[in-house]
Amino acid sequence: MSPLTSIQTTYTCDVLVIGSGVSGYCAAIQAGRCGCEVILLEKDEVLGGNSGPNLGVGITGADRYNAYATETGIVHWLQEEAAWVGAFSALSPGAMPYNISRRYEAVVQEALQRAGVRVLKRHYARAPIMRADAAENPRIAGVIAEDMAAYRTVQVDVGAAGIVVDASGDGQIAALAGAEFDVGSEAQSAYGERSAPPERTAHVQGTSLVALAHRTDRPLPFLPPGDTPPYMPRVWHGSLSSFLQHAHDGWFRATDLVYLYVTETGGQRDTIADDAENYERLLEQLWAEWDHVKNGPHAEQAACWDLLWVSPKAGKRESRRFLGPVVLTQTDLEKGRRFDDDVAYGGHDLDDHQPLGESADIFAHSIPPLYGIPYRACVSRSIDNLLLAGRLISATHLAHSSTRVMRTGGAIGQALGMAAALCLERGILPAELAQDAEGQRQLQQRLLRADATILGLAQEPDRDLAREARVSATSELRFNRQRPGSLLPLIADAGNQLWDWPERLEQVELYLANRTDREQRLRLSVYRTRREPRWKTREAYAEHGWNDLRDAAFCRLATIEAGVPPHFQGWKTVAFAEPLPIGEKDPASDDDRVLIGLDRNPDLFWAVADCPAVCEIAAMIERPRSCTRWRQMDALGAMRLHPAPWLGEARNAADGHHRRYSRGPTHMWISDPACALPESLLLSWPAPRRFDRVALVFDNLCAARHENPWESGARVVPWCVRSYALEARSEGVWREIAREEENY
């Protein structure tokens, strides 16, 4: 019997999203918000995929290794909503930020409902329905799904112009429809990736299980099942010592509730066909692990600990990777490449879980800079109306080890939800949009208006009236408004490190004191970081992060000398004969830095700036004698630059950038901390303007991932604006348009 003859229910939609992981639900919410009729199919009984209540893996992305790099948009908004209502598992401080709270799922479900998305849980998408002329115009017309709760077969039709977003992780529907995909690890000859193996292998990243352990008030024994295998630890970064020293005593002392994510297998097998076998082997590994904890070298510390919960779902990292017009490679990521059709970005390490027997060797090939993810990597090269989200995007095995993380997937999903809506509006297919430069530009601008991020891309003036306005404020934080404080003797080389600067530097002012009766020589040098290669090894990142202060990390741009008169105290100007061309700051890199250094002279004193807020984009450094590296200080040397870098000026609020991408530039208005609240920002135009929407974007980006509310345990970012009012003057009268007293 044909499956079509047993259909009991038929649904129709404009956009069908398969899989409710982070990328899937972000795609569905965005398409729904754009007015599309959306159906979200999920085979589990809960939403969230690997981050959902059945597994609880923490949602992380580019912010793990890059300051202020949190992927914004829907995924960010959902996590802030969840933090506000306390929708996170109450873990001990310092524990891995995993989350099995059903309350978080409710936050996601409410967002889907508000967007008008029909959610069909426990619906397994079994087979695609292809158009009758699929040989010439390969398109998916719908899917056959099994309603596992009601034991019935249903059909979901997307119509002639409908779009399918496969965000299922395995891409079964996409594969059955004939979409081209790859599995395994490419040989180095395929794309020239430096870390690829000499010959192609079938290896993929393994699958893991999660367990929850808690401290009890009494000793509890553990007797492992009879078929429990010998204990075999996961290895980290190819290290023999990680095998020998694999231990758990760290969390016994300071915690009461922790997640264990210590099992892994399947990288040498088919992670789809062997999924059930992998889960059983993971359970065996877990029993061996817990036996090692309870009855091995940690028996005394673990006496009162017990396993509270084991995930019913295994966390799969990799299976199929679908191919689009662009295939992202390790080289693209490590160069920080950006594409004309970027719709999202990433920055997680290339976290490759390599098979090691039945376990794994977890190896970070590199920490890349922030890199772009193009729309063309999310479009099937085989099926005209198919978009691929999450870990299904077009990437090599090595690139996938970074792009697969869920926060990055959320940004991709939102972009594809917006792309689907744009395609429907324009009457074109996703494959056609991939060849339409104007359509891609329109997609990018709509994403920016929806709080998504595209590295370095500003909103265009024709859709942002603020770009035309005269902007002023009651106060502003300016770089050159520095008040000199304590004087420090220049007994060591000293200077300031900058994360933003003018492209051409004309002069530098320093607050100095010469207490001698003779002129003192001042020698000033300007350096900029060497940035090749753009990526970091794990070891280099662990030592320096993106703030390598070794002499070898910098190249000298210029050196200039000046005399400081006897008995002088005040601002000393050091001018260049010709403006010094430093070059444009890479706005998405904290590795791109300028250092302005002063040579040691114990007879000169340099003031510390009494204005800590300026440290947003600058910090004082020193280099004691015989040192080959600078050291950062918790201070700022009093220094004015001409022209000055933008810091918190009111005009930043209308420069078209709705966020910072790194420590600097800030791209925001910052009021002077010395001025009392309330503060106000004023936009005015030379002639009346008509508008129907005002978008206010408040700063809620944290420098470090652990500072975010969903990891720190706070309800809200403490510096986010809590109360505000919006007023407009029309016909000479100011009227209040909106007021919020509890913004979060």
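The values are calculated or read from the model by the stated rules, or taken from the named source; none is laboratory data. Being a predicted model, the structure only gives us computed values, none of them experimental. In this analysis, Cβ positions are derived from the backbone assuming ideal geometry, glycine residues included, and neighbour counts consider all displayed protein chains. For accessibility, only protein heavy atoms count, side chains too; no ligands or nucleic acids. Shrake-Rupley method; radii C 1.70, N 1.55, O 1.52, S 1.80 Å.
In table form, for the structure just shown:
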{"item": "Zone of Glu503's modelled label, taken as backbone nitrogen in the range 331-346 under 14 Å from a point 7 Å along Cα→Cβ", "result": "none"}
{"item": "Mean separation of Cα contacts under 8 Å (6+ apart) over length of the chain, as relative contact order %", "result": "15 percent"}
{"item": "Calculated FRET efficiency for the pair Arg467/Ile737, C-beta based, R₀ 25 Å, to 0.05", "result": "0.80"}
{"item": "Share of carbon and sulfur in the accessible heavy-atom surface of the chain [1.4 Å probe, %]", "result": "49 percent"}
{"item": "Highest average packing first - 505-517, 594-606, 387-399, Cβ atoms within 10 Å", "result": "387-399, 594-606, 505-517"}
{"item": "Highest to lowest packing among 483-489, 56-62, scored as the average C-beta count within 10 Å", "result": "56-62, 483-489"}
{"item": "Reachable lysines, given that their alpha-carbon falls under 22 Å from the alpha-carbon of Lys316 and they are not under 8 places away in the same chain", "result": "Lys43, Lys121"}
{"item": "Over 26 Å (Cα to Cα) - which of Lys313/Lys536; Lys313/Lys335; Lys536/Lys585 fall in this group", "result": "Lys313/Lys536; Lys313/Lys335"}
{"item": "Spin-label model distance (nm) - Ala127 vs Met96, 7 Å beyond Cα toward Cβ", "result": "3.9 nm"}
{"item": "Helix-derived mean residue ellipticity, 222 nm - over the chain, DSSP H n ≥ 4, -39500 (n - 2.57), to 500", "result": "-5500 deg cm²/dmol"}
{"item": "Highest to lowest packing among 722-730, 541-549, scored as the average C-beta count within 10 Å", "result": "541-549, 722-730"}
{"item": "Net charge of neighbours whose Cβ lies under 14 Å from the Cβ of Arg426, counting Lys and Arg as +1 and Asp and Glu as -1", "result": "-3"}
{"item": "Dipole-positive endmost among Ala411, Gly21, Ala161 within the chain (Cβ charges, Cα centre)", "result": "Ala411"}
{"item": "Estimated D of the chain in µm² per second, where Rh is the Kirkwood radius over Cα pairs and Stokes-Einstein applies at 37 °C, 0.692 mPa s", "result": "116 µm²/s"}
{"item": "For the range 55-206, alpha-carbon Rg and Dmax in angstrom", "result": "20.3, 58"}
{"item": "Only Lys, Arg (+1) and Asp, Glu (-1) charged, at Cβ; the chain dipole about Cα centre in debye", "result": "1220 debye"}
{"item": "Inter-label distance for Leu220 and Ala106, nm, one decimal - labels placed 7 Å from Cα along Cα-to-Cβ", "result": "2.6 nm"}
{"item": "The range 595-635, relative contact order in percent, only Cα pairs under 8 angstrom and at least six apart counted", "result": "32 percent"}
{"item": "Where the chain is the region considered: accessible area per residue in Å², 1.4 Å probe", "result": "42 Å²"}
{"item": "Label-point separation in nm, Ala695 to Val716, each point 7 Å along Cα→Cβ", "result": "2.2 nm"}
{"item": "Net length gained if the chain between Trp84 and Asp256 were fully extended (0.36 nm per residue, minus Cα distance)", "result": "59.6 nm"}
